[in-house]
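Below: one structure, written as structure tokens.
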Amino acid sequence: MDPVISQLAGLVLAGEAIDREGAMQLADVTGERLYDLFYWANRVRMARFGLSVTFCSIAAGRVGGCSEDCKFCAQSARHQTHIQAGPAATDAQLVAAAREAVRAGAGSFGIVNPGRSPSAKELAGLADSYRELAAVGSLRLCASLGCLTLDQARRLCAMGVRRYNHNLETSRRFYPSIVSTHAFDDRVNTLRNVKAAGMDICSGGIFNLGETWADRVDMAITLRELGAVMVPLNFLHPIPGTPLADRPAMPAMDVLKVVAIYRLLLPGAEIKLAGGRELNLRDLQSWMFYCGATSAMVGNYLTTCGRPTEQDQAMVRDLGLTLRNEHQP
């Protein structure tokens, strides 16, 4: 067993945090040492979460026409992609999606809208939507609507939204390389407003944008400092028409290495595999749990399709894991 990885994992199991120097030692792990890293990430996962995992699901409140220029995103109006701006989903469509999420075993369901931040009209209209979704039951209500002021965050919390997703996407250093229309601190301030309003922070990022392992470590440390309780890990699914359309898929073992490092750096957070897991992990999707993940997004994503939810349910059963509904009325 690798002594460096064992020592760092021992700190986590003893309730201590790995500092940046230690995290960079984990980032340097390659070859057969990766299997030791995966082993210890699984030990930490088992110590904190046992055999339980969670599913979540999302639905688009509307699609396309985003004003921002995130290089990876098919919904940006600045990119010529297959996504065209369309009408907002009806409450009936959102309720149908929520009921499907319940059937899939999801414990959380979120409305996702593109754009820098929600308009006053958009925010007001969501009150009725969340009232309808609350009647579905068995779901933690979530949202992802862009940057929020403290007042906007409080209004969403009053609607019954308990968790807000706003990804950092990458490190502070690398962020200007992928987004120019708003700043990294806009995202950080939104997360602080979310927490101050009484909602849980759901925040992670997207990998394989051209960032370094140091960027990946630094984002994890920032998320730890902000108190993220759910950390979605997305892996680039290149979309024709975006600036990153020609990037090759991320090696599956690098995907699993990211998962393991995030488990060790964020031992108490739910680590969720989200967009791009099917494309980048392929036959190794079930390994995500052994490497430290405790959650998966199921169903379709916003602009790409996921696999049938029955396959994800079967994967959990085959691994001897149990689905935990984290919904709290």
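A few remarks follow.
- Checked against (1) part of a loop (DSSP other than H, G, I, E, B); (2) surrounded by fewer than 17 Cβ atoms within 10 Å (Cβ to Cβ), Ala96 meets all criteria but (1).
- Residue list for the range 161-186, restricted to those being among the hydroxyl-bearing types (Ser, Thr, Tyr) and part of a loop (DSSP other than H, G, I, E, B): Thr170, Ser171, Ser180, Thr181
- In the range 64-78, the residues that are on the phi > 0 side of the Ramachandran plot and part of a loop (DSSP other than H, G, I, E, B) reach residues that are among the hydrophobic types (A, V, I, L, M, F, W, C) and surrounded by fewer than 18 Cβ atoms within 10 Å (Cβ to Cβ) with C-beta atoms within less than 6 angstrom, at least six apart or across chains, in these pairs: Gly64/Ala85; Gly65/Ala77; Gly65/Ala85.
- Among the residues here, Pro232 qualifies as under 14 Å from Thr54 (Cβ atoms) and in contact with a Lys or Arg (Cβ under 6 Å, 6 or more places away or on another chain).
- Condition met for Leu244 (part of a loop (DSSP other than H, G, I, E, B) and either closer than 17 Å to Phe72 by Cβ or touching a residue at least 40 places away in the same chain (Cβ under 8 Å) (or both)): yes
For (1) under 20 Å from Ala143 (Cα atoms); (2) surrounded by fewer than 21 Cβ atoms within 10 Å (Cβ to Cβ), each residue gets a yes or a no:
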site	(1), (2)
Gly160	yes, yes
Glu169	yes, no
Pro176	no, yes
Thr181	no, yes
Arg187	yes, no
Val194	yes, no
Ala197	yes, yes
Ile206	yes, no
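- Qualifying position, being part of a loop (DSSP other than H, G, I, E, B) and either of a type in the set (A, V, I, L, M) or surrounded by fewer than 17 Cβ atoms within 10 Å (Cβ to Cβ) (or both), among Pro87, Pro114: Pro87
- Taken together, the residues in the range 255-299 that are of a type in the set (Ser, Thr, Tyr) and either without any contact (Cβ under 8 Å) to a residue 60 or more places away in the chain or more than 19 Å from Arg43 (Cα to Cα) (or both) amount to 2.
- In the range 80-95, the residues that are over 27 Å from Gly241 (Cβ atoms) form Cβ pairs under 8 Å with partners that are in a helix (DSSP H, G or I), at six or more places apart or across chains, as follows: Asp91/Asp128; Asp91/Ser129; Asp91/Glu132; Leu94/Ser129; Leu94/Glu132; Leu94/Leu133; Val95/Glu132; Val95/Leu133.
- Qualifying position, being crowded, with 16+ Cβ neighbours inside 10 Å and closer than 15 Å to Tyr175 by Cα, among Val217, Val255, Val231: Val217
- Residue within the range 191-212 that is in contact with a Pro (Cβ under 7 Å, 6 or more places away or on another chain) and under 24 Å from Cys66 (Cα atoms) present: yes
- Of everything in the range 252-275 that is within 11 Å of the chain's Cα centre (by Cα) and not hydrophobic (A, V, I, L, M, F, W, C), the residue that is modelled with the lowest pLDDT is Gly275.
- Ala135 of a type outside the set (Val, Ile, Thr) and more than 21 Å from Met230 (Cα to Cα): yes
The values are calculated or read from the model by the stated rules, or taken from the named source; none is laboratory data. All figures in this text were calculated on a predicted structure; none of them were measured in a lab. Please note: Cβ atoms are built from the backbone with ideal geometry, for glycine as well, and neighbour counts cover all protein chains shown.
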